[in-house]
Ligand code: ASP
C-alpha cells in the first residue's frame, strides 16, 4: 500500500552524498535499484536521477524501517530518513560517487509499489529496442539515458545563452502552416472549419524566418520542431529538432564566424576543445578527395584521380573505358594495415559489387587492386604494363612498398560516391578512424541546381531561396547547371550537422529561380505568393543556417542512434510503441473533418 509523503521533504539527492555529510540526518527519495538481505541486515541501493546511494536497514536502528526494507522490491518508490555513516574500509565502493558513505535507515516510507519491470532498470541490459520503447518511462530511468537527457538540456541551454548574448531573439513560428519546400513529403492536418483544406506541419521554419527578416527582427533563432514524412533511416526521425537561425545583412563569412564559436562552446560541454577556424572544402573538392559531401576527416585515405596513369599503363580495358568517359580513382591502403591477399580478393565481390555498386551497371569487375613494390612491378611488366608509368602512379599516390592501391573505374558521378563508401568502409575496417577525434569541416560552393533526369527539370540542391554567387549570376541564363550557390554545410566526423545559405532577397531574382525550376508563374503565386509579395516591401539581404539538435546531442553523448537522445522517439517504422500512435480516428472525428478513411 502506498504511503503519503506526509511532511517529509527531500534534503539531498541520492547521488549527492559524500563523506562531508557523515553524521548528518538526511531524507532521500528514490527508487529501489537493488535489495540484498545479508542475514538480518537489508542493503538497498536507492536511485534517483543524480545517482545511487546505499541504504542499510538494521533492526537495532529501527525495527520498523528494517521491516519495511524487508518487504520492498525493485522499483518501489521510497522515502528514507537516516543518518549518513562512513563505510568501513572493506565496504568502500570506489565505483560509485557515493561509495564512501551509507545511510542508516531510521524510517522507510513506501511511497509506491511497482510491478516487476519487463527488463532490469540498469545500463547493461540485453533487451530488444521494441520492449525498451514500449516501456520508455522505465528505459529513461536508466542512468545512461538520464545522462543523455541532461546533456541534451545543456546543449539547448548553451544554444539559447549563446544566441541571446549575440543579440538574437527566439521567435516561435507556426506548427499549423502551409507546405514549406524542403523537398520532403509534408504531414497534412485536415481543417475542420474548411473541409477539404489542409494545414501542413513545417518541414522547417524557412519562410517564416525569412519573413522575420523582412519584418526587421534582424537576428532570429529558434529551437524548432520540424516534420518530414520520409522513410526512416537510422539517423532520421519524422519529427526532429533544429537550431534554426537567420540574420540580416549577412555574408557567408558572417555565418561561419557566428557558428564556429557556438560549436566550440557545445564541445566544451563535454570537455573537448576544438581548433578554429574549421577547415573548408568546396563541394567539388569534397567529392573528388573524399567521395562525399560530408567527409569524415578523422582519417586520411584520400582519393586521387589516376585516370591518366591508368590509361597510359598499357593494360587492356582501361584506355577504352576512360575514352568512353570513365575515370579511375584510387585510395592507398598502408602496408602496415596488413590487408590479406584473401581479403583483397573478396573486396571486389563482397564489398564493391554487392554493397557499394550493386546495380547492373557494375555487373563487371571495376575495382582493381595493385600492390606497390618491385615484385609487383615485375608482375605488372609481365602483363605488358609500362614500368615507368607504374612507378609514376606509385609516386603520385605516395605508395610505399607493399602498400595496396584500390583503383575504381566508372563514370565520374557514381565513381565519386562509390570511392567515398569504399574509403569509409576501409577506414573502419582497418581501424584508421581515431575515435577520440572531433573534426569539423565547412563544405562550400555547392551547385545551386541539379538536373533531375526523371522529372526532366532542374531542382534546387538546397532549397529554392538559396542565392546564387554574385559572380555566377550571368550564367543563370546559359549554364544554370554550373552556377554555384552561397550555401554551406557544417560537417562533424562525417555527419552533416546542418546547412544553410545566403538567401535571395530580390523578388525578381526569386521569380527567375522559380522559373528555372519549371514552376509556372501561377504555380509560384499559388504556393509562395505571400512570400513573393513580402520580398517587394524592402527585404534586407539575409542568410541563415539550421543545425540538427538531435544529431549534435547524439554525437556529444557518443551514441550511435538518435533515439537514444530523444525522450520519446518513433521507431524505424514510424510508430510510437508506447502510446501506440498512429491510431485510427473515430467515425465522429472523421465526420467533423469531412474525411472518409480508407483502410489498407
Ligand atoms: N531550412 C533549411 C533546412 O531546414 C536550413 C536553412 O537553409 O537555414 O534544412
Item to check | Hey, residue 365 in a loop (DSSP other than H, G, I, E, B) and modelled with pLDDT under 85 or not | outcome: yes
Item to check | Index of the failed condition, residue 87 passing every other in (1) under 26 Å from residue 11 (Cβ atoms); (2) crowded, with 18+ Cβ neighbours inside 10 Å; (3) touching a strand residue (DSSP E or B) at 6+ places or on another chain (Cβ under 9 Å) | outcome: (2)
Checklist entry - Failed condition for residue 126, given (1) within 16 Å of the ligand (Cβ to nearest atom); (2) over 23 Å from the mean Cα position of the chain (by Cα); (3) surrounded by fewer than 16 Cβ atoms within 10 Å (Cβ to Cβ), with all others met? => result (1)
Checklist entry - From the list 297, 370, 301, which one is out of contact with any helix residue (DSSP H, G or I) (no Cβ under 7 Å at 6 or more places or on another chain), modelled with pLDDT of 85 or more and not in a helix (DSSP H, G or I)? => result 297
Item to check | Check on residue 318, buried (at least 17 other Cβ atoms within 10 Å of the Cβ) and farther than 15 Å from residue 366 by Cβ | outcome: no
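Can you tell which of 469, 525 is surrounded by fewer than 22 Cβ atoms within 10 Å (Cβ to Cβ) and within 27 Å of residue 417 (Cβ to Cβ)? Let's see the steps before the verdict.
Details: 525 fails: within 27 Å of residue 417 (Cβ to Cβ).
Only one candidate qualifies: 469.
Tally time: how many residues in the range 238-251 are closer than 19 Å to residue 581 by Cα and either assigned to a strand (DSSP E or B) or more than 16 Å from the ligand (Cβ to nearest atom) (or both)? Steps first, please.
Here is the first cut: in the range 238-251, the ones closer than 19 Å to residue 581 by Cα are 238-240.
If we keep only those that are either assigned to a strand (DSSP E or B) or more than 16 Å from the ligand (Cβ to nearest atom) (or both) as well, we get 239-240.
Matching residues across the range 238-251 total 2.
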Next on the checklist: Consider the range 477-500. How many of its residues are over 14 Å from the mean Cα position of the chain (by Cα), buried (at least 21 other Cβ atoms within 10 Å of the Cβ) and assigned to a strand (DSSP E or B)?
Outcome noted: 4
Checklist entry - Would the range 146-157 turn up any residue that is closer than 23 Å to residue 550 by Cα and within 16 Å of the ligand (Cβ to nearest atom)? => result no
Checklist entry - If residue 538 passes every condition in (1) at positive phi; (2) in contact with a strand residue (DSSP E or B) (Cβ under 7 Å, 6 or more places away or on another chain) but one, which one does it miss? => result (2)
Next on the checklist: Condition (residue is crowded, with 16+ Cβ neighbours inside 10 Å, assigned to a helix (DSSP H, G or I) and in contact (Cβ under 8 Å) with a residue 40 or more places away in the chain) applied to the range 67-77: is it met by at least one residue?
Outcome noted: yes
Item to check | Which listed residue is more than 34 Å from the chain's Cα centre (by Cα) and assigned to a loop (DSSP other than H, G, I, E, B), from 595, 590 | outcome: 595
Checklist outcome for this item: If you go through 17, 5, the only one that is under 18 Å from residue 111 (Cβ atoms) and in contact (Cβ under 8 Å) with a residue 40 or more places away in the chain is 5
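Consider residue 538 carefully, then state whether it is more than 16 Å from the ligand (Cβ to nearest atom), surrounded by fewer than 16 Cβ atoms within 10 Å (Cβ to Cβ), touching a residue at least 24 places away in the same chain (Cβ under 8 Å) and not in a loop (DSSP other than H, G, I, E, B).
Details: more than 16 Å from the ligand (Cβ to nearest atom): yes; surrounded by fewer than 16 Cβ atoms within 10 Å (Cβ to Cβ): yes; touching a residue at least 24 places away in the same chain (Cβ under 8 Å): yes; not in a loop (DSSP other than H, G, I, E, B): no.
No, not satisfied.
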Checklist entry - Could you say which residue among 436, 378, 372 is buried (at least 20 other Cβ atoms within 10 Å of the Cβ) and either farther than 27 Å from residue 284 by Cα or without any contact (Cβ under 8 Å) to a residue 60 or more places away in the chain (or both)? => result 372
Checklist outcome for this item: Residue count, the range 474-504, condition without any contact (Cβ under 8 Å) to a residue 24 or more places away in the chain and either within 16 Å of the ligand (Cβ to nearest atom) or within 27 Å of residue 538 (Cα to Cα) (or both), comes to 3
Checklist entry - Which one of the conditions (1) without any contact (Cβ under 8 Å) to a residue 24 or more places away in the chain; (2) more than 27 Å from residue 421 (Cα to Cα); (3) part of a loop (DSSP other than H, G, I, E, B) does residue 464 fail to meet, given that it meets all the rest? => result (1)
Next on the checklist: Restricting to the range 380-435, count the residues that are assigned to a loop (DSSP other than H, G, I, E, B), in contact with a strand residue (DSSP E or B) (Cβ under 8 Å, 6 or more places away or on another chain) and within 24 Å of residue 355 (Cβ to Cβ).
Outcome noted: 3
Next on the checklist: Is it the case, given these coordinates, that residue 551 is outside any strand (DSSP E or B), under 28 Å from residue 230 (Cα atoms) and away from the ligand (no atom under 16 Å from the Cβ)?
Outcome noted: no
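Which one is farthest from the ligand (Cβ to nearest atom) among residues in the range 273-288 that are in a helix (DSSP H, G or I) and surrounded by fewer than 21 Cβ atoms within 10 Å (Cβ to Cβ)? Quick ask: steps written out before the conclusion?
Pass one, the range 273-288, residues in a helix (DSSP H, G or I): 283-288.
Then keep just the ones that are surrounded by fewer than 21 Cβ atoms within 10 Å (Cβ to Cβ); that gives 283-285, 288.
On the way: 283: 15, 284: 21, 285: 22, 288: 25 Å.
In this case the residue turns out to be 288.
Residue-by-condition table, conditions (1) assigned to a loop (DSSP other than H, G, I, E, B); (2) more than 15 Å from the ligand (Cβ to nearest atom); (3) modelled with pLDDT of 95 or more; (4) surrounded by fewer than 21 Cβ atoms within 10 Å (Cβ to Cβ):
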| site | (1), (2), (3), (4) |
| --- | --- |
| 232 | yes, yes, no, yes |
| 236 | yes, no, no, yes |
| 253 | no, yes, yes, yes |
| 271 | yes, yes, yes, yes |
Next on the checklist: Residue pairs, Cβ under 8 Å, 6 or more apart or interchain, first in the range 333-346 and touching a residue at least 24 places away in the same chain (Cβ under 8 Å), second surrounded by 14 or more Cβ atoms within 10 Å (Cβ to Cβ) and in a helix (DSSP H, G or I). List them.
Outcome noted: 333/426
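Looking at the range 179-213, which of the residues that are away from the ligand (no atom under 16 Å from the Cβ) and surrounded by 14 or more Cβ atoms within 10 Å (Cβ to Cβ) is nearest to residue 246 (Cα to Cα)?
By that ranking, first place goes to 199.
The values are calculated or read from the model by the stated rules, or taken from the named source; none is laboratory data. The structure displayed is predicted, hence computed values, not measured ones. With ideal geometry, Cβ positions are generated from the backbone for all residues, glycine too; neighbour counts draw on all protein chains shown.
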